[in-house]
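Please treat every number below as a calculation from the coordinates, not as lab data. This one's a predicted model, so the numbers in the text were calculated from it and none came from an experiment. Cβ: placed from backbone, ideal geometry, glycine included. Neighbour counts: every protein chain shown.
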């Protein structure tokens, strides 16, 4: 992120996946706000930012987060839909909510798991 007026910069519930410096701001960077943002490094950020320093884990050949990616279930609920038109607040079972059920990625993880009582026929074969 590069900005001249950091007072206009606010990033929330997002992933910034770049290897170079996170921010290069001219002016007072203390007025910029990064809240619940997953980044590879914090270069240029300030102490008040709420950053998850980690690389996202993507599904191969996709920008969808893997179920075990740190960006899954990281943000509070906010409603809305993802790029596929799926609901944004699906709580993936087995993933600890850091702030809530919402994913940081452009695509909400839709990996809902359910218990199965019967896998196939429940009638015994003769």
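Values for this structure:
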{"quantity": "Most to least packed among 14-20, 81-87, 97-103, 40-46 [average Cβ atoms within 10 Å]", "calculated": "97-103, 40-46, 14-20, 81-87"}
{"quantity": "Pair residue 54, residue 42: separation of 7 Å Cα→Cβ label points (nm)", "calculated": "1.5 nm"}
{"quantity": "For 39, 95, order by how many other beta-carbon atoms lie within 10 Å, fewest first", "calculated": "95, 39"}
{"quantity": "Spherically averaged projected area in nm², based on the convex hull that wraps the Cα atoms of region 56-111", "calculated": "3.3 nm²"}
{"quantity": "Extension gain, residue 35 back to residue 83 (0.36 nm per residue minus Cα-Cα distance, nm)", "calculated": "15.1 nm"}
